[in-house]
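One structure is given below, encoded as structure tokens.
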Amino acid sequence: MVVMTRWLNPDEQHTWRAFLTASRGVMDALDRELQRDAGMPHAYYEILVRLSEAPERRMRMSELAEITGSSRSRLSHAVARLEAAGWVRREDCPTDRRGQVAHLTEAGFQTLAAAAPGHVEGVRRHLFDVLSPAEVDQLRRISETLAAHLTGS
């Protein structure tokens, strides 16, 4: 059976490339700003945020990897760096001897609290301030549709 490739038409190609450029550009700008202002990449910031929102600021490493879209080995490397900074502490899981729990330390929470205002301002400046309210609504709906498709929910 021969499968025919459904090539993108010129409008779809333009849309795809604009999406790639915009999404990479926003994330690159936010990453540069977090590096400059808080001394951490966006990936580390996201780990701190997820832990800050978890009950008792703790989360199983496997769950943290899943929620941040990281491989377990990549997350383990990132958490090792966060541990070295004193922002996260790894603990053995009390219910599973093989598992580990990442715990956001008070120093990590304070670091996150100090970084958050600048990061939020960057998100506003690079995303929300350049869109109309109708475009923000469209972006939310499009993003929810894509996320549901990609996560199967």
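Got a number for residues in region 80-124 being on the phi > 0 side of the Ramachandran plot and surrounded by fewer than 11 Cβ atoms within 10 Å (Cβ to Cβ)?
Going through region 80-124 one residue at a time, the tally reaches 0.
How many of the residues in region 92-139 are at pLDDT below 95 and of a type in the set (Gly, Ala, Ser)?
1
Filter region 86-119 for residues that are of a type in the set (S, T, N, Q) and in contact with a helix residue (DSSP H, G or I) (Cβ under 9 Å, 6 or more places away or on another chain); which is nearest to Arg32 (Cα to Cα)?
Thr111
Before we move on, is Ser52 in contact with a strand residue (DSSP E or B) (Cβ under 8 Å, 6 or more places away or on another chain), of a type in the set (Ser, Thr, Tyr), loosely packed, with under 15 Cβ neighbours inside 10 Å and at pLDDT 95 or above?
Taking the combined requirement at face value, the residue satisfies it.
Using beta carbons and a limit of 8 Å, which pairs, at least six apart or on different chains, have the first residue in region 96-113 and farther than 15 Å from Arg50 by Cβ and without any contact (Cβ under 8 Å) to a residue 40 or more places away in the chain and the second one buried (at least 16 other Cβ atoms within 10 Å of the Cβ) and of a type outside the set (Gly, Ala, Ser)?
Gly99/Arg60; Gly99/Met61; Ala107/Trp87
Could you pull out the residue among Glu63, Glu33 that is farther than 27 Å from Val130 by Cα, out of contact with any strand residue (DSSP E or B) (no Cβ under 7 Å at 6 or more places or on another chain) and not hydroxyl-bearing (Ser, Thr, Tyr)?
Glu63
Limited to region 55-71, what total is found for residues that are buried (at least 17 other Cβ atoms within 10 Å of the Cβ) and within 14 Å of Thr105 (Cβ to Cβ)?
Count: 2.
Identify, from the list Thr15, Thr68, the residue that is among the hydroxyl-bearing types (Ser, Thr, Tyr) and over 20 Å from the mean Cα position of the chain (by Cα).
From the options Thr15, Thr68, the qualifying one is Thr15.
The values are calculated or read from the model by the stated rules, or taken from the named source; none is laboratory data. What you are looking at is a predicted structure, and each value in this text was computed from that prediction instead of being measured. Counting neighbours? That spans all protein chains shown, and the Cβs are built from the backbone with ideal geometry, glycine included.
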